[in-house]
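Chemist: I have a structure I would like to understand better, so I am pasting it below and will then ask my questions one at a time.
The values are calculated or read from the model by the stated rules, or taken from the named source; none is laboratory data. Note that the structure is predicted; figures quoted are calculated from it, not measured. Because the Cβ atoms are built from the backbone with ideal geometry, glycine has one as well, and the counts that use them run over all protein chains shown.
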């Protein structure tokens with residue numbers, strides 16, 4: 001059964017150090033997940049690192065039984081079994097029965113071949129799992145009304161697991177979110193007893209507007225860090241994205257201008273508050289409305305209607321205000337999201353293939 005974690009890493013450009021490349025490969029597959037596991041002491045790499053480096057890629061056409069590997073690596077059979085299971089579930093190695101022994105080997109006789117097979121299988125499993133979005137998600141142009149920010153993607157992290165039978169109390173959405181790692185390592189319940197990740201996902205599916213943190217707090221009543229971690233998992237998997245709440249810009253700008261006018265007055269707003277960046281006629285209208293007590297959200301929105309959102313955000317920054325951020329699904333429909341996620345998966349596997357080729361060349365020298 002496919003059970004892989006992908007954690008995108010910066011490509012090790014130009015490196016030909018075998019240990020560094022093996023470490024990069026294991027980090028990308030998230031095989032070493034606890035601090036300190038990478039090293040077993042006295043500068044010696046972990047058993048998993050040595051298993052990959054000294055056996056699987058050093059002798060790619062050979063196979064080993066568990067007893068041979070346990071003796072060579074100085075591990076108990078149970079500990080070795082855990083390492084073998086990780087490599088098998090992610091699709092890097094396979095095993096066959098020979099003379100009554102279970103013999104473990106790199107798939108298809110080379111690291112490059114193994115990565116290619118693993119990539120094809122993982123991509124197919126993920127594409128099939130993502131098809132279920134078609135029945136949950138409705139197309140919405142309004143959802144994407146606020147433009148996405150370029151080069152603002154969160155570091156890519158996703159869990160790819162083949163579908164398994166539902167357990168008691170679990171529905172298809174629970175299975176989907178858990179298989180993609182969107183519940184995290186531990187499934188935590190929200191106020192109504194359902195997993196928090198599920199409640200957030202259902203809200204994002206039905207909403208055309210981004211979800212702000214304050215709104216999430218009102219809806220689920222948990223802590224800000226927990227909400228942020230949950231929402232950021234959706235972003236890391238490519239299912240959602242974090243964007244500035246430009247739709248809240250008039251309210252935020254009105255609040256900042258009114259607050260600074262009460263503290264420092266109109267002269268400060270003109271000289272240091274940033275109103276000198278906009279047309280002087282508009283600035284005078286704002287000061288006049290403030291002095292007459294008639295500057296409200298509607299007035300603010302009307303005055304700034306011809307000022308670009310970028311200029312308004314710069315002005316807000318000069319006034320010491322902060323534009324709230326929100327989270328939304330990262331496409332107008334299921335097909336757009338599926339294409340976005342698969343593109344990032346393909347990019348990660350292309351890097352893995354290049355590293356595999358580099359490793360094989362380095363070992364030949």
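Chemist: Report yes if residue 330 is within 30 Å of residue 230 (Cα to Cα), touching a strand residue (DSSP E or B) at 6+ places or on another chain (Cβ under 7 Å) and surrounded by 19 or more Cβ atoms within 10 Å (Cβ to Cβ), otherwise no.
Modeler: yes
Chemist: Which of the numbered conditions does residue 347 fail, given that it passes all the others? Conditions: (1) exposed (fewer than 14 other Cβ atoms within 10 Å of the Cβ); (2) assigned to a loop (DSSP other than H, G, I, E, B); (3) at negative phi.
Modeler: Among (1) exposed (fewer than 14 other Cβ atoms within 10 Å of the Cβ); (2) assigned to a loop (DSSP other than H, G, I, E, B); (3) at negative phi, the lone unmet condition for residue 347 is (2).
Chemist: Determine which member of the set 172, 168, 149 is in contact (Cβ under 8 Å) with a residue 60 or more places away in the chain, exposed (fewer than 15 other Cβ atoms within 10 Å of the Cβ) and more than 30 Å from residue 356 (Cβ to Cβ).
Modeler: 149
Chemist: Exactly one of these conditions fails for residue 192: (1) outside the structural domain of residue 105 (by TED's automatic domain parsing); (2) farther than 18 Å from residue 328 by Cβ; (3) at pLDDT 85 or above; (4) surrounded by fewer than 18 Cβ atoms within 10 Å (Cβ to Cβ). Give me its number.
Modeler: (3)
Chemist: Then there's this: Please find, within the range 82-102, the residue that is farthest from residue 351 (Cα to Cα) out of those that are touching a residue at least 40 places away in the same chain (Cβ under 8 Å) and in contact with a helix residue (DSSP H, G or I) (Cβ under 9 Å, 6 or more places away or on another chain).
Modeler: 86
Chemist: Another one. So for the range 261-277 (the condition being modelled with pLDDT of 85 or more, crowded, with 16+ Cβ neighbours inside 10 Å and not in a helix (DSSP H, G or I)), does at least one residue qualify?
Modeler: Within the range 261-277 (the criterion being modelled with pLDDT of 85 or more, crowded, with 16+ Cβ neighbours inside 10 Å and not in a helix (DSSP H, G or I)), the answer is no, since none of the residues qualifies.
Chemist: Could you say which residue among 307, 297 is touching a helix residue (DSSP H, G or I) at 6+ places or on another chain (Cβ under 8 Å) and at pLDDT 90 or above?
Modeler: Answer to the check: 297.
Chemist: Next question, about the same structure. What strands (runs of 3 or more DSSP E), lying completely within the range 1-115, carry at least 1 residues that are touching a strand residue (DSSP E or B) at 6+ places or on another chain (Cβ under 6 Å) and at pLDDT 90 or above?
Modeler: Fully inside the range 1-115 and qualifying: 3-7, 63-65, 93-98, 101-106.
Chemist: Check residue 129 against each of (1) in contact with a strand residue (DSSP E or B) (Cβ under 8 Å, 6 or more places away or on another chain); (2) touching a residue at least 60 places away in the same chain (Cβ under 8 Å); (3) part of a helix (DSSP H, G or I) and name the one condition it does not meet.
Modeler: Evaluating residue 129 over (1) in contact with a strand residue (DSSP E or B) (Cβ under 8 Å, 6 or more places away or on another chain); (2) touching a residue at least 60 places away in the same chain (Cβ under 8 Å); (3) part of a helix (DSSP H, G or I) leaves (2) as the failure.
Chemist: Only one of 186, 224, 233 is closer than 21 Å to residue 6 by Cα, loosely packed, with under 15 Cβ neighbours inside 10 Å and either free of Cβ contacts under 8 Å to residues at least 60 places away in the same chain or not assigned by TED's automatic domain parsing to the domain that holds residue 296 (or both). Can you tell me which?
Modeler: Criteria check complete, one pass: 186.
Chemist: Does residue 224 count as over 30 Å from residue 58 (Cα atoms), modelled with pLDDT of 95 or more and within 21 Å of the chain's Cα centre (by Cα)?
Modeler: Answer is no for this residue.
Chemist: A further question on this structure: So, in the range 215-257, how many residues would count as being touching a helix residue (DSSP H, G or I) at 6+ places or on another chain (Cβ under 8 Å) and part of a helix (DSSP H, G or I)?
Modeler: 21
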